[in-house]
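Undergrad: The structure that follows is given in the form of structure tokens.
The values are calculated or read from the model by the stated rules, or taken from the named source; none is laboratory data. Predicted model only: the values in this text are computed from it and were never measured. Heads up, the Cβs are rebuilt from the backbone with ideal geometry, glycines too, and the neighbour counts pull from every protein chain shown. The area values use the complete protein model at the heavy-atom level, side chains included, leaving out ligands, DNA and RNA. Shrake-Rupley method; radii C 1.70, N 1.55, O 1.52, S 1.80 Å.
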Amino acid sequence: MSDVVSVRKDGEVAVVTIDNPPVNALGHAVRSGVYEAMAGLRDDADVKAVVLACAGRTFSAGADITEFGKPPQPPALFELINAVEDMPKPVVAAMHGTALGGGFELALGCHYRVADSKARVGLPEVKLGLLPGAGGTQRLPRLIGPEEALKIIVSGDFVGADKALKLGIVDEVTDGDVNEAALELARRLAADGTGPVRLSDRDDKLQAVKADDTAFNETAGKLTARARGLEAPHACVEAVRWSFELPFEEGLTKEREKFMELVAGDQSKAQRHIFFAEREASKVSDMPKGTTPREVKTVGVIGAGTMGGGISMNFANVGIPVTIVETSQEALDRGFATIEKNYRISVSRGRMSEEELKVRMSRLTGTTDMSDLADADFIIEAVFEEMDIKKDIFGKLDAIAKPGAVLASNTSYLDIDEIAAATNRPGSVLGTHFFSPANVMRLMEIVRGEKTDFDVLATAIDLGRKIRKVPVVVGVCFGFVGNRMLKARQLQTEQLLLEGATPQQVDKAITDFGFPMGPFAMGDLAGLDIGWRIRKHVGADAEGGRAEIADALCEMGRFGQKTGRGFYIYEKGARGGTPDPEVEALIVETAKRFGIERREIGSEEIVERLIYPMISEGAKILEEGIAQRSGDIDVVWIYGYGFPIWRGGPMFYADQVGLAHIRDRLDFYAEQTGNDALRPAPLLQKLADEGAGFASLAGKKVRAA
Ligand code: CAA
């Protein structure tokens, strides 16, 4: 028998078990193992029913993603599933953990499904730029109706056992041992002589939609409304439609063809890259094996402003109590009111109950006395970006916090080593940089200081995962990975205005590229006054460099959406802003003052001028060892700044475009504008000269030293 698939007999029932840690992915060895096992049991007269189970922490998580793009080895997953469905005796799937993608499709090929009460099922292929390619789009609609199937397939969301039972996805849910329950069902089926129930034979659930597909179309429209630029959600809708428009076999063939097309396409390659990059990003190459995180039962947050409040919500959401410190009761009250208002939005949208809101709020305690943090295991400072204030707070924390507590700063730019030096325990200090809105954005840059202890780093990574963030470990430099690259972009945004573009042209080029918002609309939303005040306070270098237009707008009291005017005009009740001739006049006048002759600028130049300098900065970040891998940079930009996931992040995108092209264009723009800062970074230059890409650096030490 195969190493990863075993068969044992229990009376008239045979149990086929897949054991392929960590997630029982359906790689070649598993597929052929199950195929052979089923072939052997088919004609075994002593076996009247079969249970298909998985060992370890989960049922199968689907196809082995690492095999995609390599030559296929038979049997293909869809062939295996067809063979299981064709079994002449009942096959019962025993599902625990997460039955996902091809794993769930395998269960749909079985004739009965039993789930453990904590099990979840789902078809997350859409998140990899794919559609379920092993019959899922044809079998699930036959089981629960096309509309319900559509919701699961297009969202890629998981469905818990109870809901799965209600929908009819599973036949039984058990609180006990799922393998025992499946065995029990198989014994009953064998005893009763009940035969297989094949989904491919069923069409009762398709009749209503066949007669009238209005509701199906409406649901499809809603589900794809937010899928800007993505191909897979649309392909999923198309494939589910085939389930009721075409005979089963034909639907299956078309699903297969579409899957092959998507798997070979750039979008899926990009999304698969991010799947693995996301998991890599919190791995620290020099962390000793066996480093264990410190225990975190309580958290302290200093500052109840927008960031402090958002950060605190993450912990309240997962049951970790938070003590929030502010300088006055008034500031605390304001912060708590904002948090409650944010939770109320979830209540009003039906995503949270009133009771749950109360529970979450009860996990938050406010205080104006920092010494109340004496018992906190993990303390995050989220106050104004000024080094002296931060150093003062860390000095005080050092005296207050218990031994072993982790002291973190949410600074978005400042030197963690300098902050750590204000304490007598620099090993316990690091950065945990959240992104606004901090309760929503999934990125968490974990800034590793020169002296940060490994177990402190491990604690922050572990905590980040617990609050469902994507932790990326980065090194110390001004702005770390994300904001440092953003600055490279920001330097070009204003420059483009002076050279001839309008804010709306720039924003459109960037949203057409796939970002949810353009830089000027984003500035208006965040408030132009923030950068303006920092520039005034700390100097132009602090916030994306010189910003003549933004500063002039702020001098006019135009801070963005909150004042009704910024780069755009915001009418009450209107969604988004409209262009303002006054702003254009200001741009023209400023350009004149600097002696810049304005010209027509196309969207291609806008994209290149904004994205390529970011890529070049990313190359410097790699060279300096601030990021460990180019994929880490991609993860930062996707989860912190809305870089379109289907482009795979800036560094993956750069490889797709070709580094030689990027090098040449940067040189061209440096000539055109007389700005040598636009020249390609040495690493970018070197890789381009070698005809290589950032991906070629995987596993190599890039740092020059
Ligand atoms: N193929 C290959 N490797 C996989 C994998 C898969 N389908 N799913 C997970 N892994 C790997 C991860 O990369 C990770 O590897 P490292 O330890 O080397 O980093 C390891 O398994 C454990 O995964 P996680 O760290 O993600 O563990 P978790 O417990 O947090 O989550 C999970 C488990 C929910 C199953 C999650 O891994 C997951 O969502 N996996 C992907 C599921 C998926 O998308 N399935 C569809 C595949 S496509 C398909 O099936 C197409 C088809 O129709 C034919």
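Undergrad: Would you mind finding the one in A53, A39, A29 that is more than 14 Å from the ligand (Cβ to nearest atom), at pLDDT 95 or above and surrounded by fewer than 17 Cβ atoms within 10 Å (Cβ to Cβ)?
TA: A39
Undergrad: Test T306 against the stated conditions and say whether it is surrounded by 12 or more Cβ atoms within 10 Å (Cβ to Cβ), at pLDDT 95 or above, away from the ligand (no atom under 15 Å from the Cβ) and over 14 Å from L463 (Cα atoms). First the steps, then the outcome.
TA: Values: surrounded by 12 or more Cβ atoms within 10 Å (Cβ to Cβ): yes; at pLDDT 95 or above: no; away from the ligand (no atom under 15 Å from the Cβ): yes; over 14 Å from L463 (Cα atoms): yes.
Criteria not met by T306.
Undergrad: Separate question: Does the range 348-371 hold any residues that are assigned to a helix (DSSP H, G or I) and either surrounded by 15 or more Cβ atoms within 10 Å (Cβ to Cβ) or not hydrophobic (A, V, I, L, M, F, W, C) (or both), and which are they?
TA: S348, E354, E355, E356, L357, K358, R360, S362, M370, S371
Undergrad: While we're on this one: Going through the range 95-136 one residue at a time, which ones are farther than 15 Å from L167 by Cβ, crowded, with 24+ Cβ neighbours inside 10 Å and within 8 Å of the ligand (Cβ to nearest atom)?
TA: Within the range 95-136, L100, G101, G102, G103, E105, E125, L128, L130, L131, P132, G133, A134 meet the criteria.
Rundown of residues vs (1) open to solvent by less than 80 Å² (accessible area, probe 1.4 Å); (2) among the basic types (K, R); (3) out of contact with any strand residue (DSSP E or B) (no Cβ under 9 Å at 6 or more places or on another chain), yes/no style:
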position	(1), (2), (3)
A182	yes, no, no
L185	yes, no, no
S200	yes, no, yes
A227	yes, no, yes
L230	yes, no, yes
V237	yes, no, yes
R241	yes, yes, yes
S268	yes, no, yes
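Undergrad: Let me ask something else about it. Is it fair to say T58 is within 16 Å of the ligand (Cβ to nearest atom) and surrounded by fewer than 16 Cβ atoms within 10 Å (Cβ to Cβ)?
TA: For T58, the condition - within 16 Å of the ligand (Cβ to nearest atom) and surrounded by fewer than 16 Cβ atoms within 10 Å (Cβ to Cβ) - is not met.
Undergrad: In the range 153-172, what residues are touching a helix residue (DSSP H, G or I) at 6+ places or on another chain (Cβ under 7 Å) and either among the polar types (S, T, N, Q) or without any contact (Cβ under 8 Å) to a residue 40 or more places away in the chain (or both)?
TA: Passing the criteria: S155, G156, V159, L167, G168.
Undergrad: A further question follows. Take the residues in the range 643-677 that are modelled with pLDDT of 95 or more and not in a helix (DSSP H, G or I); name whichever of them is nearest to A227 (Cα to Cα).
TA: P644
Undergrad: Another question about this same structure. Please find, among D157, D175, the residue that is touching a Ser or Thr at 6+ places or on another chain (Cβ under 7 Å) and open to solvent by 60 Å² or more (accessible area, probe 1.4 Å).
TA: After applying the criteria, what remains is D175.
Undergrad: On to the next question. What number of residues in the range 314-332 are more than 21 Å from I393 (Cβ to Cβ) and in a helix (DSSP H, G or I)?
TA: Number of matching residues: 2.
Undergrad: Filter the range 476-491 for residues that are open to solvent by less than 10 Å² (accessible area, probe 1.4 Å) and in contact with a Leu (Cβ under 9 Å, 6 or more places away or on another chain); which is farthest from F434 (Cα to Cα)?
TA: G479
Undergrad: Output yes when any residue across the range 63-83 is crowded, with 21+ Cβ neighbours inside 10 Å, over 21 Å from E125 (Cα atoms) and at pLDDT 95 or above, and no when none is.
TA: Scanning the range 63-83 turns up no residue that is crowded, with 21+ Cβ neighbours inside 10 Å, over 21 Å from E125 (Cα atoms) and at pLDDT 95 or above.
Undergrad: Hey, can you tell me all the residues within the range 362-385 that are of a type outside the set (A, V, I, L, M, F, W, C) and either in contact with a strand residue (DSSP E or B) (Cβ under 6 Å, 6 or more places away or on another chain) or touching a residue at least 40 places away in the same chain (Cβ under 8 Å) (or both)? Write out each step before concluding.
TA: Taking the range 362-385 as the starting set, the residues that turn out to be of a type outside the set (A, V, I, L, M, F, W, C) are 362-363, 365-369, 371-372, 375, 377, 381, 385.
Passing the criteria: R363, T365, G366, T367, T368, D369, D372, D375, D377, E381, E385.
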